[in-house]
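Trainee: Below are the structure tokens for one structure; questions will follow.
FYI, it's all coordinate maths here, none of it is from the lab. The shown structure was predicted, so the numbers you read here are calculated from the model rather than taken from an experiment. Ideal geometry is used to build each Cβ from the backbone, glycine not excepted, and the neighbour counts take in all protein chains shown.
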Amino acid sequence: MLTIPPPSVSKRAAKIVEHIASNADALRVDVSTGSEGERLIDLGGAVPGCLEAGRLLGEVCMGGLGTVQLTTASGLANWPLGVVVHATNPVIACLGSQYAGWTITDEASGFFALGSGPARALARVEDLYKELNYADASDQAALVIEGDKAPPAAVIKKVADACSVKPSGLTILFAPTWSLAGGVQIAARVLEVSIHKAHALHFSLDNILDGTGTAPIAPPFPDFVKAMGRTNDAIIYGGRIHLFVKGTDEEAKRLADGLPSSSSSAYGKPFAEIFAEVNGDFYKIDAMLFSPAAVTVSNVETGNSFHAGKIAPEIVNASFR
């Protein structure tokens, strides 16, 4: 079978970023220029933002290799509003771009953030890129941060240098967890967390061909911990994914059985409660919890499909109410 190299996630995302910037008033977002000449787009910090801004932000995160659509058929009766995510190249779209794997810090200012989006594929500071065998090249970089403020000048310089772009070619897009846009872009990670878990389960990434995911959109809450709990619960207890893979049925079934969040020992209560039990130490939570509730894995070489897990509307209700 002919192997087609993936296109530039930065160049594809740049088109979506320009759409956001040119429709800032309609999307209720703010576009400004930072001290180093970088472009800053606030989608929910000091501005209201909107669900559509979050939908577009989710597509930026996937480097233009995926689509995010709003739906009123999330699968949860009390919370029908959700997202449907599809990635044409799920490994590059999700792990190569969308995954929040770039730890960005500045000791002087105390700034800390996990960066996601196509800028990661330009910087390639993560070991993950050695496995993905993917590198991007562009004079335009887009970095997405889950937060309510833009990074300080020192961070802008570090990010631009790492991406080998001028600060004027860098766009920072940010939205806090408790905003409308933030909630949508996090729900749009339902497919990404499944690809990341497949990697953790040592399933061959080359055998993942396509994928879709659905998750409810968590109602915003003006408290970080509660908002974080809701957005995690949307995926852990309300998310569904469907992966199309190649290989043996044994491998496909093993993947299906291992993917659901219910495979984790931490499964069973709202995330905010789990977070409190570990005294707010995120890294003490079993990493296997961060995955969708229900999965289907279809083997395109045999025609067989395997199902595992199920959504837990009672836990989503307890979290969202």
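Trainee: Using r as the Cβ-Cβ distance of residue 19 and residue 78, and R0 as 25 Å, what FRET efficiency do you calculate, to the nearest 0.05?
Mentor: 0.15
Trainee: Sorting check: for 51-60, 155-164, which peptide has the highest mean count of neighbouring beta carbons within 10 Å, and how do the rest follow?
Mentor: Result, highest mean Cβ count within 10 Å first: 51-60, 155-164.
Trainee: Among the listed pairs 284/310; 197/226; 197/284, which have their C-alpha atoms separated by more than 21 angstrom in this model?
Mentor: Cα-Cα > 21 Å for 284/310; 197/226; rest within.
Trainee: Gain in length, residue 135 to residue 26, computed as 0.36 nm per residue apart minus the alpha-carbon separation, to one decimal in nm?
Mentor: 35.8 nm
Trainee: Multiply the residue separation of residue 35 and residue 279 by 0.36 nm, subtract the distance between their alpha-carbon atoms, and state the gained length in nm to one decimal.
Mentor: Gain on extension, residue 35 to residue 279, equals 84.1 nm.
Trainee: Something else now. How about the stretch 241-321: which GluC sites (Glu not before Pro) there lie in a loop by DSSP and see at most 15 other Cβ atoms within 10 Å?
Mentor: Answer in residue order: 301.
Trainee: Out of the DSSP beta bridges found with both residues in the stretch 189-320, what percent are antiparallel (nearest 5)?
Mentor: If we restrict to bridges inside the stretch 189-320, about 65 percent are antiparallel.
Trainee: Here's something else I'd like to know. Principal axis extents for the stretch 57-212, Cα atoms only, whole Å, descending order, please.
Mentor: Cα extents, longest axis first: 47, 35, 26 Å.
Trainee: Enumerate the residues in the stretch 132-174 having an amide nitrogen under 12 Å from the point lying 7 Å beyond the Cα of residue 224 toward its Cβ.
Mentor: So the set is 146-149.
Trainee: Taking H placed 1.01 Å from N in the peptide plane, check which residues at least 5 places from residue 170 or on another chain put their amide H under 5 Å from its amide H.
Mentor: Amide H to amide H, under 5 Å and 5 or more residues apart or across chains, residue 170 pairs with 39, 141.
Trainee: When only C-alpha pairs under 8 Å and at least 6 residues apart count, what is the relative contact order of the stretch 189-320, in percent?
Mentor: 32
Trainee: Hey, what D do you get for the chain in µm²/s if you plug the Kirkwood alpha-carbon radius into Stokes-Einstein at 20 °C and 1.002 mPa s?
Mentor: Translational diffusion coefficient: 110 µm²/s.
Trainee: Which of 207, 57, 258 sits farthest toward the positive end of the charge dipole of the chain, with +1 on the Cβ of Lys and Arg and -1 on the Cβ of Asp and Glu?
Mentor: 57
Trainee: Still on this structure, I have one more. With an 8 Å cut-off on Cα pairs and a minimum separation of 6 or more residues, tell me the relative contact order of the stretch 1-159 in percent.
Mentor: 24
Trainee: At a temperature of 25 °C and a viscosity of 0.890 mPa s, determine how fast the stretch 156-208 diffuses translationally according to Stokes-Einstein, using the Kirkwood radius over alpha-carbon pairs as Rh; express D in µm²/s, rounded to the nearest whole number.
Mentor: Diffusion coefficient, whole number: 176 µm²/s.
Trainee: So what is the diffusion coefficient of the stretch 189-320 in µm² per second by Stokes-Einstein at 20 °C and 1.002 mPa s, using a Kirkwood Rh over Cα pairs?
Mentor: Here the translational diffusion coefficient equals 144 µm²/s.
Trainee: The stretch 85-164: which chymotrypsin sites (Phe, Trp or Tyr not before Pro) are DSSP loop and have at most 11 other beta-carbon atoms within 10 angstrom?
Mentor: Those that pass, being in a loop and sparsely packed, number zero.
Trainee: Taking Cα pairs under 8 Å and at least six residues apart, what relative contact order does the chain come out at, in percent?
Mentor: RCO, the chain: 17 percent.
Trainee: Per residue of the stretch 81-96, in order, report the coupling 6.51 cos²θ - 1.76 cosθ + 1.60 (Karplus, θ = phi - 60°) as ³J(HN,Hα) in whole Hz, putting x for Gly and Pro.
Mentor: 6, x, 10, 10, 10, 9, 10, 6, 9, x, 5, 6, 4, 8, 7, x
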